Amino acid sequence: MKRTYLLTAAMLTLLATAGSVAQAQGRGQGRQDDHKKEQDDRNRRAVPQQEQQQRAQQEQQRAAQYQRQLDAQVRAAQLQATQLQTQKRMAQSRAQEQYAAQLRQQQERLRTTRDYSRDPYVTTPHTYRYVVSGATRQTNQYGADVLRQAVNTGYQQGYNAGQADRQDGRRSSYQDSFGYRDANYGYNGNYVAQSDYNYYFRQGFRRGYDDGYNSRSQYGTSLNGNTSILATLLTSILGLTSIR
């Protein structure tokens with residue numbers, strides 16, 4: 001009897017401890033959920049409702065306009081790949097096929113319906129200022145991330161194009177590359193103007209092209225086939241200024 005009593009008491013203690021841990025975890029999760037909800041509420045309060053509606057409408061229109069343009073860009077990219085094959089520029093043709101495939105993926109993503117009224121970009125205050133061709137823009141973290149992507153993706157595509165031209169025995173000319181002229185690789189029609197994305201993509205592209213063509217790492221790094229622009233140079237190119 002005494003042994004049975006001791007076992008029962010131990011089990012009750014274990015159950016009570018487990019219950020306390022579960023309650024503590026539940027309270028912790030509850031606090032995290034409350035914090036996230038409070039953060040979302042602060043963002044919505046910081047951006048007036050009218051401005052949120054304007055941003056949502058702008059994003060929807062921007063995506064729709066880009067989708068129409070992208071259809072033509074995909075056809076042009078595929079035609080360019082065919083022409084490169086005809087010219088026996090095999091390395092550049094492979095790079096161009098990869099570029100065209102990415103544009104087709106962007107095309108598919110744009111066909112998915114999105115609710116921009118709940119998009120975090122719409123509800124988050126602008127925190128950065130930047131200048132493109134003398135015009136001042138404002139954006140938040142989501143837009144800034146797209147601009148960073150533009151520069152880095154541009155560098156990667158430029159590196160591939162420069163390397164391909166060297167392998168094909170062509171002269172160095174980043175301006176003749178389809179990727180430089182198009183400059184939409186990775187853009188999904190959201191958070192920043194297409195012209196801004198194009199500008200920053202080209203800033204990265206021409207530097208990547210120089211590195212790829214000359215087999216060097218002046219503007220970026222290359223490790224196991226993965227290339228990226230130098231962080232300090234990326235910051236300098238973007239020229240983002242905090243406004244909050």
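Computed from the coordinates by the stated procedures, all read-outs in this text should not be read as laboratory data. Here the structure is a predicted model, which means the values were calculated and not measured. Note: ideal-geometry Cβ built from the backbone for every residue, glycine included; neighbour counts use all protein chains shown.
Worth pointing out:
- Residue among Q92, Q96, Q87, Q141 that is surrounded by fewer than 18 Cβ atoms within 10 Å (Cβ to Cβ) and farther than 30 Å from S242 by Cβ: Q87
- All helices (runs of 4 or more DSSP H) inside region 71-175 with 1 or more residues being in contact (Cβ under 8 Å) with a residue 60 or more places away in the chain and either within 18 Å of F205 (Cα to Cα) or of a type in the set (K, R) (or both): 90-110, 141-167
- Residue within region 197-217 that is surrounded by fewer than 17 Cβ atoms within 10 Å (Cβ to Cβ) and not in a loop (DSSP other than H, G, I, E, B) present: no
- Y187 vs. criteria in contact with a Phe, Trp or Tyr (Cβ under 6 Å, 6 or more places away or on another chain), buried (at least 21 other Cβ atoms within 10 Å of the Cβ) and part of a helix (DSSP H, G or I): no
- Restricting region 144-169 to residues that are among the β-branched types (V, I, T) and more than 25 Å from Q49 (Cβ to Cβ) leaves a set whose member that is surrounded by the most Cβ atoms within 10 Å (Cβ to Cβ) is V151.
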